[in-house]
Amino acid sequence: MTTDVLIGETEYFPGLGPVSFEGPGSDNPLAFAWYDAEMIVGGRALRDHLRFSIAYWHSLVGGGQDPFGASTRPMAWNEASDPMRAARDRLDAAFELITKLGVPFYCFHDRDLAPEGGSVDESADRLAEMVELARGKQDASGVRLLWGTANLFSHPRYMNGAATNPDFQVLAYAAAQVKAALDATVALGGENYVFWGGREGYFSLLNTDMERELDHLAGFLRRARDYGRSIGFEGAYLIEPKPMEPTKHQYDFDVATVIAFLRQHDLTDDFKLNIENNHATLAGHTFAHEVEIAGSAGLLGSLDVNQGDPQNGWDTDEFLHDLRDTVEMCLALMRHGGLGSGGMNFDAKIRRSSTDPEDIFIAHIHSMDTIARAFIVASRILEESDFLELRRERYASYDSGAGARYQAGELDLADLARLAGELGEPPLKSGQQERYEQLLSRYLTR
Ligand code: XLS
Ligand code: NI
Ligand code: NI
């Protein structure tokens with residue numbers, strides 16, 4: 001898979017890109033130092049392991065506005081007064097950015113691609129019109145759609161939720177939007193479809209019938225799945241957990257909560273997880289922890305790569321650049337077999353005060369480099385060090401004898417109690433945490 005640079009009528013990032021790989025010694029902020037797309041790791045090119053993706057909403061739509069002030073970032077592609085004209089300009093800018101960065105995938109919400117119309121039908125028509133154009137851009141460049149989704153949180157009608165809204169009329173409206181977004185995803189060959197429950201949650205239990213809302217949510221997901229399958233969508237449906245924001249308590253709290261919900265409603269054949277680092281940390285977990293839980297359940301779908309600020313308790317969506325944390329995440333990811341049809345989507349935004357055109361390039365380049373480097377470090381730890389062996393040894397007592405019988409489901413509680421008496425007081429065995437930490441540190445700099 002190769003991507004050709006696509007520039008529309010206007011070049012929106014003149015003098016920037018295409019970005020090339022210069023190697024670890026490079027001081028050029030606009031070149032890759034670690035992400036060599038062609039580099040073979042474990043028999044596959046890095047490009048195919050990492051499956052990077054641009055997030056349309058942060059990189060082409062969001063202009064740095066916050067609750068205290070308006071946009072700061074100049075985005076010429078969003079300035080046309082006709083919103084469909086702006087959508088076409090934005091598509092040009094999107095494919096220029098994606099192809100100049102050499103990123104193989106992108107992701108969007110319906111409303112990023114096309115503005116909402118005055119009715120359900122007009123909105124669907126506008127989306128279909130933009131999908132046609134996006135199809136042409138994909139064909140011309142080789143860029144693919146990692147996932148599509150519907151924005152069920154920005155419009156005021158969704159202030160009390162979408163699929164969990166107490167008002168059925170809102171739920172029906174959300175269904176119309178998801179139907180059109182699934183049509184768009186299928187038309188563009190999208191490999192996954194994401195549900196992030198933007199406002200599926202509550203601010204107060206006093207006015208919330210949680211049991212009913214969760215039941216409605218499951219019913220909504222079932223209908224969406226069935227419709228998608230009926231129009232030929234073969235990819236994975238992904239739920240993206242987040243514990244809070246915008247509501248006080250989001251129902252898709254974390255990976256474990258979502259897995260329990262999927263199992264309760266018998267949805268695990270079709271649904272997996274899209275895990276975002278900043279959402280993991282908001283839930284009091286790490287990225288690695290969430291990947292580990294999903295991987296252990298065989299439900300690892302895709303990743304939204306970003307990071308939060310340890311001193312802030314909200315979703316700051318910074319570009320992922322913490323190497324050590326990323327190595328830990330990659331170790332979990334690789335032990336569970338990698339991404340499959342998922343990818344690594346940059347659900348991240350440059351800071352409000354980052355207003356130079358090159359800032360968006362540098363942000364992506366730095367993050368791609370960090371992840372590539374972490375992935376290479378993790379693969380070397382797995383292949384060259386005694387990491388796996390140390391972990392295996394730690395559990396060796398379950399590999400034979402009574403331990404193996406226990407693991408195989410044999411021995412009842414009374415058997416175990418009898419064995420305890422026979423075996424006597426267990427000697428203390430070190431968990432050797434510092435040794436593992438040291439090992440990781442050494443590989444970081446090799
Ligand atoms: C918001 C979410 C959102 C989803 C897509 O916090 O991360 O961006 O990824 O709706
Ligand atoms: Ni996300
Ligand atoms: Ni997020």
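The values are calculated or read from the model by the stated rules, or taken from the named source; none is laboratory data. The structure displayed is predicted, hence computed values, not measured ones. Methodologically, a virtual Cβ is constructed for each residue, glycine included, from the backbone with ideal geometry; neighbour enumeration extends over all protein chains shown.
Quick notes on this structure:
- Answer from Asp112, Asp139, Asp167, Asp121 - the residue that is more than 16 Å from ligand 3 (Cβ to nearest atom), under 27 Å from Gly8 (Cβ atoms) and either of a type in the set (Asp, Glu) or surrounded by 20 or more Cβ atoms within 10 Å (Cβ to Cβ) (or both): Asp139
- Failed item in (1) over 25 Å from the mean Cα position of the chain (by Cα); (2) in a helix (DSSP H, G or I); (3) not β-branched (Val, Ile, Thr), with Glu96 passing the rest: (1)
- Selected residue [within 16 Å of ligand 1 (Cβ to nearest atom) and acidic (Asp, Glu)] from Asp112, Asp89: Asp112
- Remark: pairs (first residue in the stretch 161-173, over 12 Å from Phe220 (Cα atoms); second residue among the basic types (Lys, Arg) and part of a loop (DSSP other than H, G, I, E, B); Cβ separation under 7 Å; 6+ apart in sequence or on different chains) = Gly161/Arg199.
- Within the stretch 298-332, if we keep just the residues that are away from ligand 3 (no atom under 16 Å from the Cβ) and surrounded by fewer than 18 Cβ atoms within 10 Å (Cβ to Cβ), the residue that is nearest to Ile275 (Cα to Cα) turns out to be Gly298.
- When restricted to residues that are within 16 Å of ligand 2 (Cβ to nearest atom), modelled with pLDDT of 95 or more, touching a helix residue (DSSP H, G or I) at 6+ places or on another chain (Cβ under 9 Å) and of a type in the set (A, V, I, L, M, F, W, C), the stretch 272-315 contains 10.
- Criterion applied to Leu146, Leu133 was being touching a residue at least 60 places away in the same chain (Cβ under 8 Å) and among the aliphatic types (A, V, I, L, M), and the one residue passing it is Leu146.
- Selection from the stretch 1-59 of residues that are within 20 Å of Glu358 (Cα to Cα) and part of a helix (DSSP H, G or I): Tyr56, Trp57, His58, Ser59
- Number of positions in the stretch 71-85 that are within 27 Å of the chain's Cα centre (by Cα) and free of Cβ contacts under 8 Å to residues at least 60 places away in the same chain: 3
- Of residues in the stretch 209-259 being within 16 Å of ligand 2 (Cβ to nearest atom) and aliphatic (A, V, I, L, M), the one farthest from Leu282 (Cα to Cα): Ala236
- Residues of the stretch 375-400 that turn out to be hydroxyl-bearing (Ser, Thr, Tyr), under 30 Å from the mean Cα position of the chain (by Cα) and over 17 Å from Gly337 (Cβ atoms), as a count: 1
- From Ala280, Ala348, Ala332, residue being within 15 Å of ligand 1 (Cβ to nearest atom) and farther than 22 Å from Tyr106 by Cβ: Ala280
- The single condition among (1) under 18 Å from the mean Cα position of the chain (by Cα); (2) farther than 28 Å from Gly15 by Cβ that His155 does not meet is (1).
- Search result, residues across the stretch 170-208 that are within 16 Å of ligand 2 (Cβ to nearest atom) and either more than 19 Å from the chain's Cα centre (by Cα) or surrounded by fewer than 18 Cβ atoms within 10 Å (Cβ to Cβ) (or both): Gly201
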